[in-house]
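Input: a single structure, listed below in structure tokens.
The values are calculated or read from the model by the stated rules, or taken from the named source; none is laboratory data. All figures in this text were calculated on a predicted structure; none of them were measured in a lab. Note that we place each Cβ from the backbone using ideal geometry, even for glycine, and neighbour counts take in every protein chain shown. We work out accessible area using only protein heavy atoms, side chains counted, and drop any ligands, DNA or RNA first. Shrake-Rupley method; radii C 1.70, N 1.55, O 1.52, S 1.80 Å.
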Amino acid sequence: MKKRLFSLLVLMSFVGIVNAQMYFNRTTNIPVENGTTLTVPWAGGLNYPIFSNIDLNDDGRQDLFCFDRSDNRVTTYLNNGNAGPDCWEYAPEYENIFPAMTGWAFLYDYNCDEKPDLMTVGFRNNSISQYINDSPPGGLHFTLVDSTMLVNGGAGGPANIFASALLMPNFNDIDNDGDMDIIGQQFQCVGAFAYYKNMTMEHYGVCDSLNDYVLETYSWGKFALRSGAYSNVVIGFFNINCFANPFDQFDMSTAAPMDDTYANIYTIDIDGDGDKDALIGDSQTHNSLLAINTPSSGVDIMTSQDTAFPSYNVPVDIQSFAMHSYVDVDNDQIRDLIVSSYEYENNQGTYYYKNNGTDSIPVFSFIRKDFLSDQMIDVGEAASPTLYDYDNDGLLDLVIANKKKTITPSIFTCGLELYRNTGTSTTPSFEFVTDDFANLIAQNYQGKLSPDFADMDNDGDSDLLIGYETGQIIYYRNDAGTFVFVSAFYMSIDVGNSSSVQIFDINKDGKLDLLLGEKNGTLNYFQNLGSTTVPFFATTPTVSQFGGFSLNVPPTTDSYSTTYIFRQSNDTKLLVTAMNGDIYLYGNIDGNLAGVFTLLDTVASKYLGNRYGPLTSIAGGDLNGDSKDDFVLGLYGGGVQVFYQDIVNSTNTIDQESDIRVFPNPANDQFVVRMKTGSKNVKCAIYDSQSRLISEQLLIDGYSVFNTSKLPAGIYYLHIRSTEMDEVKKIIVTHSK
């Protein structure tokens with residue numbers, strides 16, 4: 001396990017680095033205060049999370065796996081053994097062990113080996129993929145065993161069990177025979193739920209077989225959600241045989257006036273009578289519906305309901321589409337209830353209900369509506385940070401543009417959150433000050449903000465420029481510590497859509513220039529044609545494709561690129577974010593402002609232990625006083641993460657912690673992969689910096705040669721995987737002799 005975790009730490013596992021190569025290492029130990037010390041401040045924020053329990057580090061404690069449906073991001077948390085809901089420690093080293101997933105992800109022990117397996121959206125449309133947890137002792141590992149879970153289709157042959165990225169099914173032992181059944185929504189009977197019965201126990205007497213499902217019924221529980229959109233259609237259009245009684249439908253009542261039958265279902269024995277009841281959340285509804293099961297002649301039948309569950313306590317009241325997780329979150333070995341939103345709410349939409357009963361007869365008591373996110377920096381969604389010394393104490397403070405959806409589905413509050421640096425020049429520490437710095441919320445901005453601070457008029461204080469979704473720039477002048485609105489269309493600059501802004505003397509003439517990213521993935525350089533006190537910028541860019549590249553990385557058509565350009569030892573470097581979550585480092589800038597920059601590195605990617613989704617935003621500065629620029633990354637989940645810069649001054653260094661040697665590195669026409677110790681079925685795959693597979697092969701007798709003669713010079717990633725290991729090596733191809 002030590003080797004696997006080592007290889008997943010950011011840039012810790014690469015070998016063969018050229019002299020004075022800079023890299024950036026994620027840090028999670030900077031303290032943050034917000035009334036109390038936050039326990040997981042740098043976890044990155046949460047929007048639409050689903051939670052599962054799993055023992056990540058094989059210490060006997062149940063840890064926490066979280067999948068955020070808003071950006072398909074996994075976060076993992078270790079149980080430190082303390083009592084209460086603040087027992088979690090952010091543990092990003094486990095995140096990249098899970099496969100890349102979209103839509104939803106859920107853990108359930110389908111093969112009864114006491115290790116939860118992984119279910120997620122399938123590779124085929126409207127299907128399920130299943131990964132077995134085949135972790136060795138002390139390790140964590142998942143292997144794909146079924147890319148499309150099938151149900152026996154009778155005369156029509158097998159068909160995939162229906163599940164979409166939107167509609168997550170429920171995995172549970174519905175008939176209490178020991179194997180995993182599936183309940184999921186379908187559209188043969190609108191508002192009803194299909195029951196896919198697992199026949200493994202009936203046919204084999206074991207629980208670990210796959211694809212032995214039959215469609216038991218389209219209307220499990222003999223009920224359907226009454227829908228506003230289909231209320232006059234269900235009976236008249238669909239076959240009456242969908243239901244035992246066509247009028248046996250549950251009305252979501254006034255708590256769900258806009259129900260449209262896109263629903264999530266979670267089965268749970270709520271009353272301890274041995275059968276499965278159902279918790280349901282529906283698109284456009286605010287409530288959580290409880291349907292109580294009273295079986296008759298072995299058939300599940302829902303006979304009563306609680307439309308404002310839990311009506312005996314504080315009912316769920318979220319913006320829309322409640323999702324349910326039954327997990328132990330306070331370390332008392334009794335599962336609690338987490339209810340989260342899947343639409344509209346991005347700041348306080350994760351309800352925590354403590355279970356004051358037992359696992360078999362739960363009694364839920366509302367605690368708070370921001371579980372876990374209250375222990376991290378979370379400004380809503382699409383956090384856009386910048387570093388700025390607002391109190392002139394010589395320390396960089398943290399300002400983050402926020403975009404919160406907490407009022408109605410279509411209205412945001414957008415502003416700036418301020419965290420003051422209360423640490424020292426070498427050891428930062430942040431304390432929350434306000435969520436409305438510069439009083440922007442009252443301006444009713446309804447789009448993503450991208451702020452930067454600099455002294456535009458050379459009067460001794462920093463002014464504020466804000467990139468905006470319109471593609472324009474908003475300007476606030478700093479008058480003796482008060483930010484005064486000047487213009488929503490600064491210098492008549494408009495780069496199209498979703499401008500990001502950075503203020504920097506790009507051409508080294510002593511005047512502040514502008515660097516603007518935009519939706520289409522290109523960068524725009526605006527040279528300051530005025531003076532240090534009266535800047536002037538033309539309406540069109542000095543260079544309209546700065547760097548000579550566009551970061552529209554397939555399959556996306558837009559990139560929403562943001563930048564951090566900096567100068568270190570008088571050498572200019574550029575960090576740029578892309579829609580796929582990667583961060584690229586460019587050089588060859590000085591004296592080449594109208595030319596093509598050189599891609600030096602991919603400093604954050606899924607192959608380096610970072611798996612970020614869309615709409616990341618970057619800023620930087622020297623946070624720890626080592627004269628090297630660090631960077632802060634804003635995530636779509638609403639949080640931020642800090643990366644310290646370090647320098648490697650070595651060539652062809654071999655990772656002594658690894659059983660693998662890769663040489664020569666940098667490579668010209670080829671490189672060799674050799675194992676120090678024997679291992680069977682070792683697969684090596686090389687990827688480019690945009691995560692595209694280049695080639696793949698097995699090691700033969702612990703040895704393999706990769707031909708790189710036809711590969712463009714650049715950064716590549718060698719993914720080495722077997723049942724005993726899972727490592728990534730960075731490969732540099734130079735073609736230099």
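Odds and ends about this structure:
- Among the residues of the range 183-222, those that are part of a loop (DSSP other than H, G, I, E, B) and within 27 Å of residue 304 (Cα to Cα) comprise 186, 187, 188, 189, 190, 191, 192, 218, 219, 220, 222.
- When the range 152-188 is filtered for residues that are buried (at least 16 other Cβ atoms within 10 Å of the Cβ), over 26 Å from the mean Cα position of the chain (by Cα), at pLDDT below 90 and within 30 Å of residue 270 (Cβ to Cβ), only 186 remains.
- Yes/no for residue 260 being modelled with pLDDT under 55 and among the charged types (D, E, K, R): yes
- Qualifying position, being under 20 Å from residue 598 (Cα atoms), assigned to a loop (DSSP other than H, G, I, E, B) and in contact with a Leu (Cβ under 6 Å, 6 or more places away or on another chain), among 546, 536: 546
- Residue match in the range 288-304 (condition: among the hydrophobic types (A, V, I, L, M, F, W, C), modelled with pLDDT of 90 or more, farther than 15 Å from residue 222 by Cα and buried (at least 19 other Cβ atoms within 10 Å of the Cβ)): no
- Leading residue by the ranking (nearest to residue 581 (Cα to Cα)) among those in the range 91-111 that are touching a Pro at 6+ places or on another chain (Cβ under 9 Å) and open to solvent by 30 Å² or more (accessible area, probe 1.4 Å): 108
- Taking (1) within 24 Å of residue 87 (Cα to Cα); (2) in a loop (DSSP other than H, G, I, E, B) in turn, residue 367 satisfies each apart from (2).
- Failed item in (1) modelled with pLDDT under 80; (2) aromatic (Phe, Trp, Tyr); (3) within 30 Å of residue 71 (Cα to Cα), with residue 643 passing the rest: (1)
- Residue within the range 684-706 that is closer than 27 Å to residue 611 by Cα, among the hydroxyl-bearing types (Ser, Thr, Tyr) and open to solvent by less than 10 Å² (accessible area, probe 1.4 Å) present: no
- Per the conditions (1) open to solvent by less than 30 Å² (accessible area, probe 1.4 Å); (2) modelled with pLDDT of 90 or more; (3) farther than 20 Å from residue 323 by Cα; (4) in contact with a Leu (Cβ under 6 Å, 6 or more places away or on another chain), the sole criterion not satisfied by residue 382 is (2).
- Within the range 324-344, the residues that satisfy the criterion of being under 18 Å from residue 64 (Cα atoms) and either of a type in the set (Asp, Glu) or open to solvent by 10 Å² or more (accessible area, probe 1.4 Å) (or both) are 324, 326, 328, 330, 331, 332, 333, 334, 335, 336.
- Any hit, the range 576-592, residues being of a type in the set (S, T, N, Q), within 30 Å of residue 716 (Cβ to Cβ) and at pLDDT below 95: yes
- Of all residues in the range 156-171, one or more are part of a helix (DSSP H, G or I) and without any contact (Cβ under 8 Å) to a residue 60 or more places away in the chain.
- The set of residues from the range 112-144 being open to solvent by less than 30 Å² (accessible area, probe 1.4 Å) and farther than 15 Å from residue 182 by Cβ comprises 116, 131, 133, 135, 138, 139, 140, 141, 142.
- Any hit, the range 403-412, residues being at pLDDT below 95, assigned to a loop (DSSP other than H, G, I, E, B) and open to solvent by 40 Å² or more (accessible area, probe 1.4 Å): yes
- Residues of the range 484-520 satisfying the condition of being among the small types (Gly, Ala, Ser), at pLDDT below 95 and surrounded by fewer than 22 Cβ atoms within 10 Å (Cβ to Cβ): 496
- Residues of the range 172-181 that turn out to be outside any loop (DSSP other than H, G, I, E, B) and touching a residue at least 40 places away in the same chain (Cβ under 8 Å), as a count: 1
- Cβ-Cβ contacts under 8 Å between residues 6 or more apart (or on different chains), taken from a first residue in the range 256-281 that is within 22 Å of residue 296 (Cα to Cα) to a second residue that is at pLDDT 95 or above and among the basic types (Lys, Arg), are listed as 267/276; 268/276; 269/276.
- Of all residues in the range 549-565, those satisfying the criterion of being buried (at least 22 other Cβ atoms within 10 Å of the Cβ) and assigned to a loop (DSSP other than H, G, I, E, B) are 551, 559, 560, 561, 562.
Condition check ((1) touching a residue at least 24 places away in the same chain (Cβ under 8 Å); (2) open to solvent by less than 30 Å² (accessible area, probe 1.4 Å); (3) more than 20 Å from the chain's Cα centre (by Cα)) across all residues:
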residue	(1), (2), (3)
346	yes, yes, no
395	yes, yes, yes
398	yes, yes, yes
435	yes, no, yes
452	yes, yes, yes
458	yes, no, yes
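- Residue 537 open to solvent by less than 40 Å² (accessible area, probe 1.4 Å), more than 25 Å from residue 403 (Cα to Cα) and at pLDDT below 95: no
- Identity of the residue in the range 466-483, surrounded by fewer than 21 Cβ atoms within 10 Å (Cβ to Cβ) and of a type in the set (A, V, I, L, M, F, W, C), that ends up modelled with the highest pLDDT: 483
- Only one of the numbered conditions (1) surrounded by fewer than 22 Cβ atoms within 10 Å (Cβ to Cβ); (2) modelled with pLDDT of 95 or more; (3) within 24 Å of residue 432 (Cα to Cα) is not met by residue 43, and that is (1).
- For residue 53, the criteria (1) in contact with a Leu (Cβ under 7 Å, 6 or more places away or on another chain); (2) modelled with pLDDT of 95 or more; (3) closer than 30 Å to residue 400 by Cα; (4) open to solvent by 10 Å² or more (accessible area, probe 1.4 Å) hold in every case but one, which is (3).
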